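Before any comments, here is the structure.
The values are calculated or read from the model by the stated rules, or taken from the named source; none is laboratory data. Given the structure is predicted, the values throughout are model-derived calculations rather than measurements. Positions of Cβ are generated from backbone atoms using ideal geometry, with glycine treated the same way; all protein chains shown enter the neighbour counts. Only protein heavy atoms, including side chains, enter the accessible area calculation; ligands, DNA and RNA are left aside. Shrake-Rupley method; radii C 1.70, N 1.55, O 1.52, S 1.80 Å.
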Amino acid sequence: MKILEEVLEWIRRHRPARIAVLTGAGVSADSGIPTFRGGDGLWKQHRVEQLATPEAFSRNPGLVWEWYEWRRDRVRLASPNAAHLAIAELQRHPKLDVTLITQNVDDLHRRAGSREILELHGNLFRVRCSLEGHVRQAEEAFSELPPACPCGALLRPDVVWFGEPLPARTLEHAAEAASACDLLLLAGTSGVVYPAAGLVSFVRRGVVVEINPSRTPLTDQSAWWLEASASAVLPVIVDGIRSAAS
Ligand code: BV8
């Protein structure tokens, strides 16, 4: 792949040390997790924009929880793929300053061994009391839906729904990493959801490399577009960065 060779040549010459990685649902596609906007992006007759909203939850918490429990089941049975593992390996390199920013809520980066993860949109395996607001881990399937907090109020998934603000500190940290990086790896995102997609515009002197089988609205802001799956090319790119840094 000629473009991949160009990217590896750039890495060899510039030895990037500050790396930002921004991932979307596409990096989990090779773990068998359906993406949101691809051909398999529909769930029954619903779209994520219809179900992942506070309005949908107050209108029909049972339906929203049925969708989330279906997704939690899918993820529990899935394993991290070579893309997740390569990113975790990149983070472990002692001479590299790597910031992982994800829009994904599937916890697969953590299960792949990533420890520092900026979760812009929350996590499927945490829940929050819709009244008191406190958050707790919830790995196991709920016996009844929608689940309730001991206080009696409904529990909701600890994710950011459409129309809800992202965690401010996490977003700020992600923007700082994008503006300070030498290289932004943009993997598996359709680049349509904001403010996450807007992080690319924070890149100042760094170079953006997009990894996606399809073009996106962010392709034109990328120095290189690798038309490939993340699980195929991320391990190769990570090897290149690690050997240039050693
Ligand atoms: C906000 C968590 C403001 C839940 C998600 C009207 C009202 C309010 C807001 C808006 C509005 N109009 C627009 C907005 C902004 C809105 C937005 O961006 N809407 C879009 C749809 C236009 N954003 C928001 O609402 C955000 N909040 O603006 O709040 C505010 C401020 C202060 C006070 C109050 C309010 C909140 C956005 C977060 C929404 N939550 N998820 C859940 O997951 O259940 S978003 C959801 O989309 C997921 O998190 C997902 O990660 C994210 C982005 O999707 P992608 O990850 O990119 O996945 P997608 O399927 O789209 O694409 C996959 C890509 O992978 C494809 O390109 C494909 O080609 C590629 N691919 C496939 N296979 C592979 C691959 N790539 C590599 N390898 C492969 N093998």
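I'd like the full set of residues that are out of contact with any Phe, Trp or Tyr (no Cβ under 6 Å at 6 or more places or on another chain) and within 14 Å of the ligand (Cβ to nearest atom), limited to region 202-218.
Within region 202-218, ILE211, ASN212, PRO213, SER214, ARG215, THR216, PRO217, LEU218 qualify.
Scan region 144-165 for residues that are within 14 Å of the ligand (Cβ to nearest atom), surrounded by fewer than 19 Cβ atoms within 10 Å (Cβ to Cβ) and hydrophobic (A, V, I, L, M, F, W, C) and the total you get is 2. Has region 219-230 got any residue that is within 17 Å of the chain's Cα centre (by Cα), within 12 Å of the ligand (Cβ to nearest atom) and in a helix (DSSP H, G or I)? Yes, some residue in region 219-230 is within 17 Å of the chain's Cα centre (by Cα), within 12 Å of the ligand (Cβ to nearest atom) and in a helix (DSSP H, G or I). Do we find that LEU51 is at pLDDT below 95, within 19 Å of the chain's Cα centre (by Cα), open to solvent by less than 30 Å² (accessible area, probe 1.4 Å) and of a type outside the set (D, E, K, R) in this structure? Yes; evaluated as a whole, the condition is true for this residue. From the list GLU66, GLU116, the one residue that fits, being within 14 Å of the ligand (Cβ to nearest atom) and open to solvent by 70 Å² or more (accessible area, probe 1.4 Å), is GLU66. Taking region 164-189 as the range and being farther than 15 Å from LEU120 by Cβ and in contact with a Ser or Thr (Cβ under 9 Å, 6 or more places away or on another chain) as the test, the residues that pass are ALA180, CYS181, LEU185.
Among residues belonging to region 3-40 that are of a type in the set (A, V, I, L, M) and within 9 Å of the ligand (Cβ to nearest atom), point out the one that is most open to solvent (accessible area, probe 1.4 Å).
Step one: of region 3-40, the residues of a type in the set (A, V, I, L, M) are 3-4, 7-8, 11, 17, 19-22, 25, 27, 29, 33.
From what is left, the residues that are within 9 Å of the ligand (Cβ to nearest atom) are 25, 27, 29.
Numbers: ALA25: 20, VAL27: 2, ALA29: 43 Å².
By that ranking, first place goes to ALA29.
Just wondering, is there one or more residues in region 216-223 that are under 19 Å from GLY32 (Cβ atoms), surrounded by fewer than 18 Cβ atoms within 10 Å (Cβ to Cβ) and in contact (Cβ under 8 Å) with a residue 24 or more places away in the chain? Walk me through how you get there before you give the answer.
First pass over region 216-223, keeping only residues under 19 Å from GLY32 (Cβ atoms): none.
Checked region 216-223: no residue is under 19 Å from GLY32 (Cβ atoms), surrounded by fewer than 18 Cβ atoms within 10 Å (Cβ to Cβ) and in contact (Cβ under 8 Å) with a residue 24 or more places away in the chain.
ALA174 meets all of the listed conditions (1) touching a helix residue (DSSP H, G or I) at 6+ places or on another chain (Cβ under 7 Å); (2) under 19 Å from GLY26 (Cβ atoms); (3) part of a loop (DSSP other than H, G, I, E, B) but one, namely (3). Among the numbered conditions (1) modelled with pLDDT under 95; (2) crowded, with 16+ Cβ neighbours inside 10 Å; (3) basic (Lys, Arg), the only one that ARG205 does not meet is (2). In the list LEU185, LEU145, which residue meets the criterion of being closer than 23 Å to GLN91 by Cβ, of a type outside the set (Gly, Ala, Ser) and either assigned to a loop (DSSP other than H, G, I, E, B) or in contact (Cβ under 8 Å) with a residue 24 or more places away in the chain (or both)? Selected residue: LEU185, the only one of LEU185, LEU145 that is closer than 23 Å to GLN91 by Cβ, of a type outside the set (Gly, Ala, Ser) and either assigned to a loop (DSSP other than H, G, I, E, B) or in contact (Cβ under 8 Å) with a residue 24 or more places away in the chain (or both).
Taking the listed residues VAL200, VAL193, the one that is in contact (Cβ under 8 Å) with a residue 12 or more places away in the chain and outside any loop (DSSP other than H, G, I, E, B) is VAL200, with no other qualifying.
When you scan region 172-189, do you find a residue that is within 12 Å of the ligand (Cβ to nearest atom), surrounded by fewer than 19 Cβ atoms within 10 Å (Cβ to Cβ) and closer than 22 Å to HIS109 by Cα, even just one? Step through it out loud before you land on a result.
Of the residues in region 172-189, the ones within 12 Å of the ligand (Cβ to nearest atom) are 185-189.
Pick out the ones that are also surrounded by fewer than 19 Cβ atoms within 10 Å (Cβ to Cβ) and you get none.
No, that holds for no residue.
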